[in-house]
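For reference, the structure discussed in these notes is given below.
The values are calculated or read from the model by the stated rules, or taken from the named source; none is laboratory data. Given the structure is predicted, the values throughout are model-derived calculations rather than measurements. Cβ atoms come from the backbone with ideal geometry, glycine included; neighbour counts cover every protein chain shown. These accessible areas exclude ligands, DNA and RNA; they are computed on the full protein's heavy atoms, side chains included. Shrake-Rupley method; radii C 1.70, N 1.55, O 1.52, S 1.80 Å.
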Amino acid sequence: MGRIPEETIEMIIAAADIVDVVGSYFPLKRAGSLFKANCPFHNEDTPSFTVNPAWQSFKCFGCGESGGAIGFVMKHENIPFVDAAKKLASRFGVTVIEEASSPEDDRKRRSISRLKELNNLTARFYHHLLMKSPDAQHARDYMKSRGFTAETAKKWLIGWAPKNSNVYLGHIREQKYNGREIVNAGLGGMKDQNNPRAGLYHKFWDQLMFPIHNQMGDVVGFSGRILRADDKRGKYINTSDTILFNKSKLLFALHHAIKPMGKEKFALICEGQLDAIALHEAGVENAIAPLGTAFTKEHARLLKRYTDHITLCYDGDSAGLAAADKAFAQLAAAGLTVRLVHLPDGDDPDTYLKTHGVEKFRELIAGAKEFFEAKLNKELPDINISSPTDRATLLKSLAGLVASMSDTLLRDATIQSLAIRLRLGADEFRQLVFEEKQNAERLNKRLDRRDKKQEAAAQADAVQPSLMDHTIAYLCHLSLASAEVSDDLNEQLESLDEVLRVTAGGELLRTILARRPSPSPAARQAFLLTLPEADQLALERTFTTDLPVDPRKAAEEASNLLLASHFQKKESTLRAQLADPHLPADQLIPLLQEVKDLQEFLRNLDSRFIR
């Protein structure tokens, strides 16, 4: 894979207005000349995420994330630069012709690409075994018992992992993949960490295999379901965490459900992969499922990219009720509205479809109630509300869930509604919610302290912004925004040379003046993407500064300030040398002359800016 030329990047950025790009993921509200929203990269109640159309950039003043249109897509969809650029190019009709890139970039891309290819190859191999191998008959029988056809297996690339690890490992090695790649893909591991010669084991065996795709449609991992009653492993086993796979950030069937979610205006969350497949096969294509794990805040943030409305369709047993509560807490914290459907006891979406048909299921979903109404309708008949213990347990549970809601107006309306239904004083229930919120915040602070320690350790290796003198940063900002300033400073380079050599950020300013990128937002962003990441981060910080009415005058004043500060320090250093009683006589006259020249320079500094 090659690199995309800077000229093409500029064309993509010019075509892809950042307000349109960001606004296609979530609503933006105009705030003067800017646009604002709650940051998609961290939870917050007050919007600190700002989009600047003039600079074609975004900046969050809460978590510090910043960049342009391509950078936003990279961060929001967790995809590489080239993929993000191509995605915008395709959307806005820009043709991309790639050039050769650096060996290091090529190596990294090839590594990730090979892991994706290995996952895809593995999925096809498992699928072939399911469809053709005599040893997979029991897996085919299981599929048939669930009402899934060969066409279903083909559409979802469902497969079967062989019992004998050597069958899989031998096939993969024939395709020129090595042991390290198998381990890095989470598909196996070393039998003995201290003895490489002991060989590898295959993570999956005798399981029905469901490929897991990211939202771009790439196979990034697998979820394997056991098939035999005497198998003591967990019901589902997932790929180990890899650079591609993290089950807390992936949702099964999301790549199929994104467009239907937009059409239906909501996402339907069920508990398992088989339920999601059954719903899609019946035409309910906005269905998704977590990967056999609790619903996480990362899942909620991922879904918020595509919809603001969620309907939970969990099993009607106690485990389903508990899972629905946990999912609500994460979804409500992310600002999503949640409705709830409780299936009849003993049913899951798959069995309900088989018994009642898809139209009855659609009616059930259409009649989904607001979360708390549905929860109480289901649970109150089995609770002795007159029992102080049962009542206290219920209220504490409800208060904890209400406390998780990030929308303060909706939270207060929910408190009022629940107080009326449960015949409570609203103030009494509000106090209970407040106490639960405080408890949650104390817990979150402890978790945050732990996470910050871990983040601090990780950030020790993370890229930090280049050091930049404040005045140099301002001159960089003006040079990128005004061709006239860039021209003026280029004429002044000889007098600025000494200062730029010894001041933090001086070489970066020199690079800007040498390259002279066009002041258009697209050219500016394209130029930034050619710089080292540390320099990009440093310059992005300057884009929050408003452009002055007269950029040339502002640049003149800033450069004079830079020169004055530098030569005043130099004059002070020379005066200190002159005060040395041991100064050799032959050095006295040259130092006095140099001080005199500096004083003359500083007196005339106001007129030294060349036009």
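Share of carbon and sulfur in the accessible area of the range 324-443 stands at 53%, probe radius 1.4 Å.
Pop the C-beta distance of L443 and N195 into the FRET formula with R0 = 35 Å and round what comes out to the nearest 0.05. Write out the running numbers ahead of the final one.
Working: r = 43 Å, r/R0 = 1.24.
E(calc), rounded to 0.05, equals 0.20.
If only the Cβ of Lys and Arg carry +1 and only the Cβ of Asp and Glu carry -1, the dipole of the range 103-199 around its Cα centre is close to 100 debye.
Placing a pseudo-label 7 Å from each Cα along the Cα-to-Cβ vector at T408 and A514 gives an inter-label distance of 5.2 nm.
Compute the FRET efficiency between K259 and K360 as 1/(1 + (r/R0)^6), taking r as their Cβ-Cβ distance and R0 = 25 Å, and round to the nearest 0.05. About 0.50, to the nearest 0.05.
The gain in end-to-end length when the T149 to L561 segment is fully stretched comes to 140.7 nm, 0.36 nm per residue minus the alpha carbon separation.
How do R510, R180, R124 rank by accessible surface area computed with a 1.4 Å probe, from largest to smallest? Each step should come with its number before you reach the end.
Details: R510 55, R180 175, R124 130 Å².
The most accessible residue leads, giving R180, R124, R510.
Surface composition of the range 151-274: carbon plus sulfur atoms contribute 47% of the solvent-accessible area (1.4 Å probe, protein chains only, all chains present). Solvent-accessible surface of the chain, averaged per residue with a 1.4 angstrom probe and all protein chains in place: 50 square angstrom. Take every DSSP beta bridge whose two residues both sit in the chain; close to 75 percent of them are antiparallel.
Taken over the chain, the convex hull of the Cα atoms encloses 244 Å³ per residue. Rg and Dmax of the range 205-356, based on Cα coordinates, read 14.8, 43 Å. Between S133 and I112, the C-beta separation translates, for a Förster distance of 35 Å, into a calculated FRET efficiency of about 0.70. Separation of the alpha carbons by more than 24 angstrom is noted, of K59/K263; K36/K263; K116/K154; K116/K235, for K59/K263; K36/K263; K116/K235.
So how far apart, in nm, are the two label points at A322 and D427 if each is 7 Å from Cα heading toward Cβ? Going from the A322 label point to the D427 one covers 3.8 nm. For K163, the aspartates and glutamates whose Cα comes closer than 14 Å to its Cα, not counting residues fewer than 8 places off in the same chain, are D135, D206, D231.
A crude spin-label estimate for the pair I243 and E498, with each label 7 Å from Cα along the Cβ direction, gives 4.8 nm.
Which entries of K144/K360; K144/K176; K108/K265; K75/K265; K297/K396; K75/K437 have Cα-Cα distances beyond 27 Å here? Intermediate results must be reported in sequence, preceding the final value.
Details: K144/K360 23 Å; K144/K176 35 Å; K108/K265 38 Å; K75/K265 24 Å; K297/K396 22 Å; K75/K437 30 Å.
In this structure, K144/K176; K108/K265; K75/K437 exceed 27 Å between Cα atoms.
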